[in-house]
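K.L.:
Have a look at this one.
The values are calculated or read from the model by the stated rules, or taken from the named source; none is laboratory data. This structure is a prediction, so every number in the text was calculated from the model and none was measured. Reconstructed Cβ throughout: ideal geometry from the backbone, glycine too, with neighbour counts over all protein chains shown.
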Amino acid sequence: MEMRFKLLLILLTLFSGLNCVYAQEKELLTLDQAISIAIENNPAISISNANVDISRAEVKNAKSIYYPQIKSRIIVPFIGRESGFFLDQLIWDFGRTSNLVKSTKALLKSTKFDKDTTEDDVILTTIISYYTVLSEGHIALALEKKVIESEKRIEQAEGFFKSGRVPQIEVTKAEVNLGNAKLERIAAQNNFEIAKVNLQTIMGIEDSSFNYELEDSIEFSTSSYQLEESIIQALSSRPELKSLEAQKVAMRANLKASKKEFYPEIFGRTAYRFEGEGAETPAFIAGVGVKFPIFEGFSRFAKVEDSKANLRRTNAELRSTKAGIISQIKQLYLDIQFSKENINVTKRTRESAEQGLLLARERYKLARASTVELAEAESLYAISNAKYMQAIYNYNINVARLLRATGEMDESQKH
């Protein structure tokens with residue numbers, strides 16, 4: 001019995017350990033998956049969806065004036081007072097209501113374009129955050145190798161000092177270099193953790209742990225872009241510009257509606273009155289009326305001035321946004337060219353460092369190289385590789401920024 005109990009205990013311990021291993025296993029997260037999660041969970045997109053719903057409700061509210069307005073009024077006691085059911089129907093207000101409806105429809109279209117803008121921004125931010133995590137991870141790994149190299153150099157310096165081959169200052173220098181390397185490693189690890197937090201935030205993940213392993217790939221495609229074509233594409237496709245154009249239509253309609261405030265309103269009224277003056281017996285009455293505003297404290301003049309100012313502001317924002325987009329695309333072209341050159345340079349440096357590492361490993365196997373030489377080669381390769389990978393990530397980020405700037409963000413990544 002005792003042997004069976006011990007065997008059972010060993011098995012339970014083994015299974016418990018296996019469960020811990022599987023629980024700590026990280027899930028592979030591709031860039032497309034990260035974008036999909038961000039679009040689904042990011043609160044900024046939820047806010048944009050709510051804004052669209054609000055604008056859609058405002059359109060319905062503006063259209064409600066076209067429908068009969070029914071109300072009832074019952075007053076007790078009835079003496080000298082009118083009670084009954086009343087129905088008013090707008091007949092003609094010289095286009096004020098139709099322009100208000102047109103304005104709300106245009107604003108609804110604007111909020112839909114704003115939603116597209118938000119989605120594009122979320123996709124771009126996710127791409128940047130994703131590659132930043134990968135880049136910071138390589139930097140942290142490289143600086144870890146640098147710390148190992150510095151530790152080996154201290155061991156070497158201490159050995160040389162004990163044998164009288166170098167003075168104490170060489171040991172001190174090695175210790176200072178190790179301290180600096182450790183500080184750089186701490187900063188790199190901190191940047192790595194911050195990058196993961198930023199990616200987690202843009203993805204809308206509230207869990208405190210980041211249990212993901214990102215897909216690290218050196219694949220990239222260098223495409224050729226035409227500057228003038230990209231500018232034309234941007235000016236015709238950017239959702240920000242479409243939103244401002246829709247706002248411009250809305251402001252014009254608001255201005256027309258404000259001017260119509262000075263015109264009368266023709267309406268029809270039907271009522272069933274059962275008590276009060278003029279209603280000695282319950283009966284239906286019907287008629288057509290005209291309501292003409294005479295003086296409302298200059299409020300109508302203020303509405304016209306407000307609509308004019310909003311229209312001027314929208315026109316100015318449209319011109320400013322177009323100029324900003326053109327400038328942004330020109331800068332991105334320069335950034336992409338720089339990124340391509342940076343990839344070529346860092347690739348050659350990485351290849352040289354790789355050859356040096358292979359040589360150092362071979363020499364170490366043959367006992368012709370010290371641990372310091374091997375550690376230095378490993379550190380140099382790790383740093384060169386980190387710079388090369390960072391160059392690739394920067395290129396991919398700049399390409400994504402250009403696609404965002406031209407309004408060509410991959411539609412398959414939305415919805």
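K.L.:
Pick from E175, E144: which is in a helix (DSSP H, G or I), on the phi < 0 side of the Ramachandran plot, among the acidic types (D, E) and in contact (Cβ under 8 Å) with a residue 40 or more places away in the chain? Quick ask: steps written out before the conclusion?
P.N.:
Details: E175 fails: in contact (Cβ under 8 Å) with a residue 40 or more places away in the chain.
Exactly one residue qualifies, and that residue is E144.
K.L.:
Can you find even one residue in the stretch 291-312 that is part of a helix (DSSP H, G or I), under 20 Å from A386 (Cβ atoms) and in contact with a Leu (Cβ under 8 Å, 6 or more places away or on another chain)?
P.N.:
Residues of the stretch 291-312 that are part of a helix (DSSP H, G or I), as a first pass: 299-312.
Within this subset, residues satisfying the condition of being under 20 Å from A386 (Cβ atoms) are none.
No, the stretch 291-312 contains no residue that is part of a helix (DSSP H, G or I), under 20 Å from A386 (Cβ atoms) and in contact with a Leu (Cβ under 8 Å, 6 or more places away or on another chain).
K.L.:
Then there's this: Confirm whether N180 is surrounded by fewer than 21 Cβ atoms within 10 Å (Cβ to Cβ), polar (S, T, N, Q) and touching an Asp or Glu at 6+ places or on another chain (Cβ under 6 Å). If you could, list the steps in order and put the result at the bottom.
P.N.:
Working: surrounded by fewer than 21 Cβ atoms within 10 Å (Cβ to Cβ): yes; polar (S, T, N, Q): yes; touching an Asp or Glu at 6+ places or on another chain (Cβ under 6 Å): no.
Spelling it out, it is not the case that N180 is surrounded by fewer than 21 Cβ atoms within 10 Å (Cβ to Cβ), polar (S, T, N, Q) and touching an Asp or Glu at 6+ places or on another chain (Cβ under 6 Å).
K.L.:
How do the pairs read when you match residues in the stretch 206-222 that are closer than 13 Å to V133 by Cα and at pLDDT 75 or above with residues anywhere that are among the small types (G, A, S) and outside any loop (DSSP other than H, G, I, E, B), using Cβ under 9 Å and keeping only pairs 6 or more apart or on different chains?
P.N.:
Y212/A34; L214/A34; L214/G137; D216/G137
Quick grid of which residues meet (1) closer than 30 Å to L402 by Cα; (2) surrounded by fewer than 21 Cβ atoms within 10 Å (Cβ to Cβ); (3) at pLDDT below 95:
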residue	(1), (2), (3)
L100	no, no, yes
T126	yes, no, no
A140	yes, no, no
Q156	no, yes, yes
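K.L.:
Can I ask one more? Filter the stretch 183-200 down to residues that are surrounded by 17 or more Cβ atoms within 10 Å (Cβ to Cβ) and small (G, A, S) and give me whichever is farthest from V147 (Cα to Cα).
P.N.:
Taking the candidates together, the pick is A195.
K.L.:
For E373, are the conditions met, namely being crowded, with 17+ Cβ neighbours inside 10 Å, in a helix (DSSP H, G or I), at pLDDT below 95 and not aromatic (F, W, Y)? Give the derivation first.
P.N.:
Values: crowded, with 17+ Cβ neighbours inside 10 Å: yes; in a helix (DSSP H, G or I): yes; at pLDDT below 95: yes; not aromatic (F, W, Y): yes.
So E373 passes the test.
K.L.:
So, of the residues in the stretch 260-270 that are of a type outside the set (A, V, I, L, M, F, W, C) and buried (at least 17 other Cβ atoms within 10 Å of the Cβ), which turns out to be nearest to S299 (Cα to Cα)? Steps first, answer last, please.
P.N.:
The first filter runs over the stretch 260-270 and keeps only residues of a type outside the set (A, V, I, L, M, F, W, C), leaving 260-261, 263-265, 268-270.
This time we only want the ones that are buried (at least 17 other Cβ atoms within 10 Å of the Cβ), so: 260-261, 265.
On the way: K260: 13, E261: 10, E265: 17 Å.
Step by step, filter the stretch 260-270, then rank; the result is E261.
K.L.:
Give the number of residues within the stretch 289-320 that are in contact with a Lys or Arg (Cβ under 8 Å, 6 or more places away or on another chain) and β-branched (V, I, T). Outline the logic, then answer.
P.N.:
Residues of the stretch 289-320 in contact with a Lys or Arg (Cβ under 8 Å, 6 or more places away or on another chain): 289, 293, 304, 311, 314-315, 318.
Going one step further and asking which of them are β-branched (V, I, T), we end up with 304, 314.
Counting residues in the stretch 289-320 that are in contact with a Lys or Arg (Cβ under 8 Å, 6 or more places away or on another chain) and β-branched (V, I, T) gives 2.
K.L.:
Looking only at residues that are at pLDDT 75 or above and out of contact with any Gly (no Cβ under 8 Å at 6 or more places or on another chain) in the stretch 271-294, which one is surrounded by the fewest Cβ atoms within 10 Å (Cβ to Cβ)? Don't jump to the end; show me each part of the working.
P.N.:
The first filter runs over the stretch 271-294 and keeps only residues at pLDDT 75 or above, leaving 271, 286-294.
Of the ones still in play, those that are also out of contact with any Gly (no Cβ under 8 Å at 6 or more places or on another chain) are 290-294.
On the way: V290: 10, K291: 9, F292: 9, P293: 12, I294: 4.
Per the stated criteria, the residue is I294.
K.L.:
Scan the stretch 211-225 and tell me whether some residue there is under 28 Å from E149 (Cβ atoms) and either in contact with a Lys or Arg (Cβ under 8 Å, 6 or more places away or on another chain) or part of a helix (DSSP H, G or I) (or both).
P.N.:
Scanning the stretch 211-225 turns up at least one residue that is under 28 Å from E149 (Cβ atoms) and either in contact with a Lys or Arg (Cβ under 8 Å, 6 or more places away or on another chain) or part of a helix (DSSP H, G or I) (or both).
Conditions (1) surrounded by fewer than 14 Cβ atoms within 10 Å (Cβ to Cβ); (2) aromatic (F, W, Y), marked per residue:
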residue: E305; (1), (2): yes, no
residue: T321; (1), (2): no, no
residue: Y333; (1), (2): no, yes
residue: S339; (1), (2): no, no
residue: L359; (1), (2): yes, no
residue: A377; (1), (2): no, no
residue: N385; (1), (2): no, no
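K.L.:
Enumerate the pairs (first residue in the stretch 77-93 and closer than 19 Å to F267 by Cα; second residue anywhere and of a type in the set (S, T, N, Q) and at pLDDT below 80) with beta-carbon separation below 7 Å, excluding pairs fewer than 6 apart on the same chain, so at least 6 apart or on different chains.
P.N.:
Matching pairs, first to second residue: F85/S72.
K.L.:
With within 30 Å of Y263 (Cα to Cα), basic (K, R) and either in contact (Cβ under 8 Å) with a residue 40 or more places away in the chain or in contact with a Gly (Cβ under 9 Å, 6 or more places away or on another chain) (or both) as the only criterion, which of K347, K308 stands out? Full working, then the answer.
P.N.:
Values: K347 fails: within 30 Å of Y263 (Cα to Cα).
On inspection, the qualifying residue turns out to be K308.
K.L.:
On to the next question. How many residues are modelled with pLDDT of 90 or more and charged (D, E, K, R) when one looks only at the stretch 21-73?
P.N.:
Result for the stretch 21-73: 6.
K.L.:
Only one of (1) in contact with a strand residue (DSSP E or B) (Cβ under 7 Å, 6 or more places away or on another chain); (2) closer than 30 Å to K291 by Cα is not met by L100, so which one is it?
P.N.:
(1)
K.L.:
Name the single residue that is modelled with the highest pLDDT among those in the stretch 399-415 being part of a loop (DSSP other than H, G, I, E, B) and within 19 Å of N42 (Cα to Cα).
P.N.:
Just the residues of the stretch 399-415 that are part of a loop (DSSP other than H, G, I, E, B), to begin with: 406-410, 414-415.
Subsequent filtering for residues that are within 19 Å of N42 (Cα to Cα) retains 409-410, 414-415.
Values: M409: 79, D410: 61, K414: 51, H415: 45.
Checked the stretch 399-415; the qualifying residue modelled with the highest pLDDT is M409.
K.L.:
In the stretch 48-64, which residues are over 22 Å from D121 (Cα atoms) and surrounded by 13 or more Cβ atoms within 10 Å (Cβ to Cβ)? Steps first, please.
P.N.:
Initial filter on the stretch 48-64 (over 22 Å from D121 (Cα atoms)): 56-64.
Within the stretch 48-64, R56, E58, V59, A62, K63 qualify.
K.L.:
Would you be able to tell me the number of residues in the stretch 226-255 that are surrounded by fewer than 16 Cβ atoms within 10 Å (Cβ to Cβ), more than 25 Å from the chain's Cα centre (by Cα) and in a helix (DSSP H, G or I)?
P.N.:
Of the residues in the stretch 226-255, 3 are surrounded by fewer than 16 Cβ atoms within 10 Å (Cβ to Cβ), more than 25 Å from the chain's Cα centre (by Cα) and in a helix (DSSP H, G or I).
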